[in-house]
Structure formats: structure tokens, C-alpha cells
Amino acid sequence: MHEENKEAANGCGKIRSGAQNGAALLALMEKTGYSMVQQNGQRKFGGPPPGWEGPPPPRGCEVFVGKIPRDMYEDELVPVFERAGKIYELRLMMEFTGENRGYAFVMYTTKEEAQLAIKILNNYEIRPGKFIGVCVSLDNCRLFIGAIPKDKKKEEILNEMKKVTEGVVDVIVYPNATDKSKNRGFAFVEYESHRAAAMARRRLIPGTFQPWGHTIQVDWADPEKVVDEETMQRVKVLYVRNLMISTTEDKIKAEFNKFKPGVVERVKKLRDYAFVHFFHREDAVAAMSVMNGKCIDGASIEVTLAKPVNKESSWKQHFNGQISPSSENLLGFPNKEDGTQKSLGKPASLSVRLNGQHSPGPPEVERSTYPIFPGIKLTPISMYSLKLSHFSSAVMHLDYFCHKNSWAPPEYCLYSTTGQDGKILLVYKVLISSIADDSQSYFMPEKLCTTVEDAKELAAQFTLLHL
């Protein structure tokens with residue numbers, strides 16, 4: 001047995017007795033043949049396992065495990081997680097006290113094993129009354145770059161990023177909704193690894209690097225939603241991007257019906273993207289291969305399978321304000337079809353009571369209060385220097401979004417009418433002058449509210465969804 005294994009085994013004996021803990025971990029290593037090393041606040045079991053040849057498993061093979069009892073260690077965790085497949089590496093986060101920190105990362109040898117672990121071990125009762133949480137671990141390799149000149153093409157942005165950072169794989173640029181020759185003022189840069197992306201983020205700190213003479217914004221892009229293969233095999237909705245604002249739903253339906261008449265059930269278009277629903281999956285897959293790259297009204301469209309989203313969640317928004325376009329039913333208004341954009345976003349906690357009904361939303365964010373002790377220093381701070389996660393209302397999100405994109409603040413115009421029961425009902429119209437054009441000069445939901453607060457919140461929510 002290696003000395004480092006003995007060291008690691010004895011490194012957390014302050015909760016369970018040192019002898020018990022060390023003996024249990026040494027027995028595990030002798031049984032499995034895996035090594036164990038403790039460093040930088042974590043203890044690594046395996047990585048690679050005995051006899052492993054070749055590179056580590058690809059992205060998508062790791063799961064995050066939360067809510068682990070603080071006095072539970074590898075000798076109990078490994079047998080549980082081996083039920084889903086062969087463990088390449090288990091990293092248990094450790095405290096100086098010898099307790100674990102309540103979470104770990106488990107990497108399997110295949111993506112299928114990782115998905116199985118999520119399926120069978122999420123909410124697993126690992127001890128009486130103690131349930132662990134298991135979900136996909138997001139190894140983020142993508143950066144968001146904002147405030148870039150809108151006349152720059154993908155190749156120019158790619159070359160500029162390659163000049164100053166290493167490991168650039170690709171650049172994702174979205175065309176402007178009204179002028180396809182321009183970008184939207186931001187891009188996503190994909191790197192070969194999380195480490196490469198982290199080093200690039202450090203290198204691109206605003207103020208130290210000014211491409212084309214512009215001060216850019218840099219932050220992590222929220223990874224796209226991971227949907228298991230089994231779910232994707234049932235999808236019969238296509239996400240169509242890069243449409244002209246003027247292109248109608250009828251035109252899109254007609255174009256997608258050309259290769260096989262009558263296969264399209266309905267089309268839902270929002271600004272410059274749309275969702276095309278098919279009666280049968282095989283027709284959706286066939287249409288995707290035929291229509292991807294085709295021109296509609298002069299615009300070259302991109303077509304992919306839409307990613308389903310749990311309808312219990314509400315809407316997701318990227319920290320830079322771009323609601324991401326490739327999944328539907330993120331925001332539900334009664335008697336109105338739903339639509340959203342491609343997931344690069346963080347959940348926004350919003351649950352508004354409208355006319356006696358809850359709009360769909362995730363659980364409320366925890367709001368804690370803390371006492372101000374004498375001598376605590378309070379520092380003036382701008383709202384715009386905070387992260388998006390600090391805000392819990394759509395009104396604040398929209399204001400933050402406009403600021404981040406160097407737009408004028410949103411203008412709210414209040415309208416009222418009298419309901420059948422005599423109540424005053426309200427709705428806000430939202431104008432963002434920086435992006436107003438002939439086809440879209442304002443945003444206004446199709447629902448009335450009984451209070452000013454609800455009306456404004458709904459209008460902001462509606463606007464974010466359609467930007």
C-alpha cells in the first residue's frame with residue numbers, strides 16, 4: 001500500500017475514530033486497487049482506476065452529489081455509486097476538521113453510466129432519513145463576451161480570441177434580429193477544457209484587454225441544458241433560428257411542409273426564432289436535415305431539435321439577459337402557447353400571483369436577514385455590479401439586462417380597463433428605445449392584472465421572454 005494512501009486514509013479520522021476511519025478506507029483501497037490522494041481541500045479516489053489506459057472519460061461522464069451526511073466517507077459512498085457503473089474517479093470535498101463538506105463529484109467511464117446514476121440515485125435514501133441529490137456536473141468550457149462591436153464577423157472574433165487566449169475551439173455568434181449583417185453585440189467562446197476557459201477568463205479581465213479599442217464584458221456562460229438521450233429520442237419539435245423578423249408563421253409552416261405536405265402540426269414564432277411542431281418524430285428529424293441551412297425570406301436558417309424543459313420550472317435567463325432559445329414551455333400563460341429560447345441560463349426565481357392564480361415558477365429564493373453589528377463597514381455599491389442571481393424580480397432583471405447591453409432603460413406605460421365585475425384591471429406596455437424598430441416597437445402581455453406591482457412584473461417577464 002502506498003504511503004500517500006495511508007496518509008489519505010488517516011487524514012479524516014477526527015469524526016469517526018482515527019483507527020475506524022483509516023481501517024475502513026484502507027480496506028476499500030485494498031479491495032478495489034484504487035489509490036487515494038488528499039490535496040487542496042478534496043480527497044481523490046481513483047483517477048484513473050487500476051489498469052486504465054488512454055485519456056480520461058469525455059465530458060458528460062461526471063455527476064455532482066449533494067446533501068451527503070458530513071460523517072460519511074468513501075467506504076460507504078463507493079459501493080452505492082458503483083451500482084450505476086465503473087467509477088473512474090470520486091472526489092470528496094473535505095473540511096479541515098475531518099468532516100466532508102457535504103458534496104462530491106463522481107466521474108464514470110461512460111456518459112450512459114452517469115445518466116443511470118442520476119436516474120437511480122437522485123433522492124436515494126443513503127441513510128435513514130438522509131436523501132442525497134445527484135445531477136449532472138457541468139464542466140464549463142464556455143465564456144460570454146459582451147460589448148463587442150456589432151460589425152464584427154465570427155471569423156474576426158475567433159481570430160482575436162485566439163490571439164490572446166489558448167485552447168479556443170469555436171465562437172458562437174448570433175445575428176442581429178433586424179440586420180443579419182451585424183451581430184447582437186455579444187458572443188460565446190468555447191474552449192477545449194474548463195481550465196483553458198478559466199485561464200482565458202483571467203486573461204480577458206475588462207480593462208486589461210481591449211479588442212478593436214473596445215472594453216469588453218467577460219463572464220462564465222451558463223452551460224446549455226443537458227437532456228438525456230432517451231428524452232431527446234421522443235422530441236418532435238424543431239427549433240429554428242436566424243429568421244427574419246418579417247417572416248410569418250404561415251410562411252414557416254409552408255416551407256417546412258414542402259418536403260412532405262401536411263407533416264407540420266403548428267408553428268410558434270417569437271421575434272427571430274420559432275418552434276415547428278410535427279405530428280410525428282420521424283418527419284421532424286427528416287425536416288431538420290433537409291431544412292438546416294436553407295434560406296427563408298433571404299435569411300439562412302439554423303434548425304435543431306428543441307430541448308424539452310421541465311414545465312414545473314418557469315423561465316431561464318442568461319446573466320447577460322439573453323433568454324436562451326431552444327426549449328419550449330418555460331413560461332406559461334393560460335390559454336396561450338408557450339415558447340422560449342436556447343438554454344444558456346440561470347433560473348430566475350419568480351412566482352407572481354395573478355388574478356388568483358400562480359404563474360409557474362421555481363421555489364422562492366431563500367431570503368435571509370443578518371444583523372448589522374457595531375463597527376461593520378458598509379460600502380456604496382452599484383446595482384449593476386451585482387450578479388444576476390442577486391435579483392429576484394423580472395423588473396430588476398430587465399433593468400440589469402438593458403444596462404449590460406448598453407441600452408436605454410426600459411420605459412413602462414400603464415393602461416387600464418374595467419372588468420366585468422367592475423374591478424380596474426391593469427397592463428403595462430414596455431418600450432426599449434434602443435432596439436425599437438418598425439416591426440417591434442413595444443412589448444405588452446395579453447393578460448390584465450389587478451395590482452400595479454403584478455402588472456409591471458408580468459410586463460417585464462413578458463419582455464425578457466421575447467427579446
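The values are calculated or read from the model by the stated rules, or taken from the named source; none is laboratory data. Here the structure is a predicted model, which means the values were calculated and not measured. Ideal geometry is used to build each Cβ from the backbone, glycine not excepted, and the neighbour counts take in all protein chains shown. Surface accessibility is based on the protein's heavy atoms, side chains included, excluding ligands, DNA and RNA. Shrake-Rupley method; radii C 1.70, N 1.55, O 1.52, S 1.80 Å.
When you count the other C-beta atoms within 10 angstrom of each residue and take the mean per peptide, 128-138, 396-406, 47-57 line up highest first as 396-406, 128-138, 47-57.
Using +1 on the beta carbon of Lys and Arg, -1 on that of Asp and Glu, and nothing else charged, what's the dipole of segment 142-220 about the Cα centre, debye to 20? Intermediate results must be reported in sequence, preceding the final value.
Working: 14 positive and 10 negative charges, 22 e Å.
Dipole size: approximately 100 debye.
Look at where the Cα atoms of segment 89-160 and of segment 249-285 average out, and the two centres are 35 Å apart.
Using a 1.4 angstrom probe on the protein heavy atoms only, line up E62, E411, E74 by accessible area, largest first. Let's see the in-between values first.
Details: E62 30, E411 85, E74 0 Å².
These residues rank, largest area first, as E411, E62, E74.
For A147, the residues whose modelled amide H falls within less than 5 Å of its own, excluding neighbours fewer than 5 places apart on the same chain, are Q217.
FRET efficiency for the pair S300 and H466, taken as 1/(1 + (r/R0)^6) with r the Cβ-Cβ distance and R0 = 22 Å, rounds to 0.45. Using the Karplus relation 6.51 cos²θ - 1.76 cosθ + 1.60 with θ = phi - 60°, the per-residue 3J(HN,Hα) values for segment 99-111 come to 6, 7, 8, x, 8, 8, 10, 10, 9, 9, 7, 9, 5 Hz, with x marking Gly and Pro. Coupling constants for segment 291-304 follow from the phi torsions by the Karplus curve (6.51 cos²θ - 1.76 cosθ + 1.60, θ = phi - 60°), and in residue order they are 8, 4, x, 6, 9, 10, 6, x, 10, 7, 8, 10, 10, 9 Hz; glycine and proline get x.
Residues whose amide H falls under 5 Å from that of F209, counting only those 5 or more places apart or on a different chain, are absent, with hydrogens built in the peptide plane. Residue-wise HN-Hα couplings along segment 143-158, as the Karplus relation 6.51 cos²θ - 1.76 cosθ + 1.60 with θ = phi - 60° gives them from phi, are 10, 9, 10, x, 6, 8, x, 6, 8, 7, 8, 4, 4, 5, 5, 4 Hz; Gly and Pro carry x. Near T109, the amide H atoms lying under 5 Å from its own belong to K86, Y88; only residues 5 or more places off or on other chains count, and H is placed 1.01 Å from N.
If contacts are Cα pairs under 8 angstrom and at least 6 residues apart, what is the relative contact order of segment 142-220 in percent? Could you put the intermediate results ahead of the total?
On the way: 136 pairs, mean separation 32.9, N = 79.
Value for segment 142-220: 42 percent.
Length available on full extension from R234 to C135: 0.36 nm per residue minus the Cα-Cα distance, which gives 33.5 nm. Where the alpha-carbon atoms of segment 229-305 are placed on the principal axes, they occupy 35, 24, 19 Å, in descending order. Kindly flag which residue pairs out of K294/K404; K152/K268; K423/K447; K236/K268; K67/K377; K251/K294 have an alpha-carbon separation exceeding 23 Å in this structure. Cα-Cα > 23 Å for K294/K404; K152/K268; K67/K377; rest within.
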